[in-house]
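Report on the structure given below.
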Amino acid sequence: MEYYAGVKRGPVSLDLQPLDEEVVLNKKDYIVSRTDLKGYITYANDYFVEICAYSKDELIGANHNIIRHPDMPRIVFKILWERIKKGEKVFAFVKNLRKDGKFYWVLAEVEPAYRHKEVIGYYSFRVRAPRHALKEITKVYAKLLEAEKEGGMKASRKVLDDFLSSKKLTYDEYVQKLFKSGFGFGGFLRSFGNIFR
Ligand SMILES: Cc1cc2nc3c(=O)[nH]c(=O)nc-3n(C[C@H](O)[C@H](O)[C@H](O)COP(=O)(O)O)c2cc1C
């Protein structure tokens, strides 16, 4: 484990131009990061450094939105923060922006990190997102983003709620179902059992 001792920093590449070029994660590797209570990165594993193309020095102390991709609807992060602040874990498909402008998709689990029963930050574990889950989630996120541009997060939350109730699924059930459909049931159990504990 490494912890930063320096000054917190915001995104270093505010004017970064996203490219339509994907980097696909290895099947067996996973990305780990840890943040403080405000989302500033305090730990990054080597695979995270490799995949996002920032150096460890650039990552540690930076806000996690350093890799935020403009194609990601804000409502997804709103749900993420609402859940982890309540002490819950949450799963989300996330498109991330690398330092070179390329992107990569993950399925992320984010959860509170405890010291003596007190929440001192948050952890995130991420694996490669299954291809055909991405086909669907890309369309869902595009609709959420469109709604957000017109009516803000209130509008995108309504679109998401309506979408989930049309499927008769909760957010968690939907994300897990999409992930499961990518790996088959055995793979699903193995992935969640081993990586997401
Ligand atoms: C442990 C943890 C991991 C996170 N990982 C990511 C991530 O990989 N990509 C991302 O865009 N946001 C991630 N976030 C969410 C960011 O903190 C932030 O809410 C998001 O990038 C949206 O940025 P914005 O609120 O400045 O628009 C993470 C948050 C936490 C607590």
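The values are calculated or read from the model by the stated rules, or taken from the named source; none is laboratory data. In this text, all values refer to a predicted model and were calculated from it rather than measured experimentally. Backbone-built Cβ (ideal geometry, glycine too); neighbour counts: all protein chains shown.
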Checklist entry - Does LYS86 meet the test of being in contact (Cβ under 8 Å) with a residue 12 or more places away in the chain and not aliphatic (A, V, I, L, M)? => result no
Next on the checklist: Quick check on LEU164: is it farther than 17 Å from HIS132 by Cα, outside any helix (DSSP H, G or I) and modelled with pLDDT of 95 or more?
Outcome noted: no
Checklist entry - Out of segment 49-58, which residues are touching a residue at least 24 places away in the same chain (Cβ under 8 Å) and not charged (D, E, K, R)? => result ILE51, CYS52, ALA53, TYR54
Checklist entry - Within segment 104-118, can you find the residues that are more than 10 Å from the ligand (Cβ to nearest atom) and not acidic (Asp, Glu)? => result TRP105, LEU107, TYR114, ARG115, HIS116, LYS117
Checklist entry - If you go through segment 104-146, how many residues are hydrophobic (A, V, I, L, M, F, W, C), part of a strand (DSSP E or B) and under 16 Å from ASP20 (Cα atoms)? => result 1
Next on the checklist: Take the conditions at pLDDT 95 or above, more than 11 Å from the ligand (Cβ to nearest atom), of a type in the set (Gly, Ala, Ser) and farther than 14 Å from HIS69 by Cβ and apply them to GLY121. Does it pass?
Outcome noted: no
Next on the checklist: Which pairs turn up if I take residues in segment 65-79 that are closer than 13 Å to GLY152 by Cα and look for partners that are surrounded by fewer than 21 Cβ atoms within 10 Å (Cβ to Cβ) and basic (Lys, Arg) with beta carbon separation below 8 Å, at least 6 apart in sequence or on another chain?
Outcome noted: ILE75/ARG157; LYS78/ARG157
Checklist outcome for this item: Matching residues in segment 47-63 (buried (at least 16 other Cβ atoms within 10 Å of the Cβ) and farther than 12 Å from ILE31 by Cβ) number 7
Checklist entry - With respect to the numbered conditions (1) closer than 20 Å to GLU88 by Cα; (2) surrounded by fewer than 19 Cβ atoms within 10 Å (Cβ to Cβ); (3) at pLDDT 95 or above, which one is the sole condition not fulfilled by ARG126? => result (2)
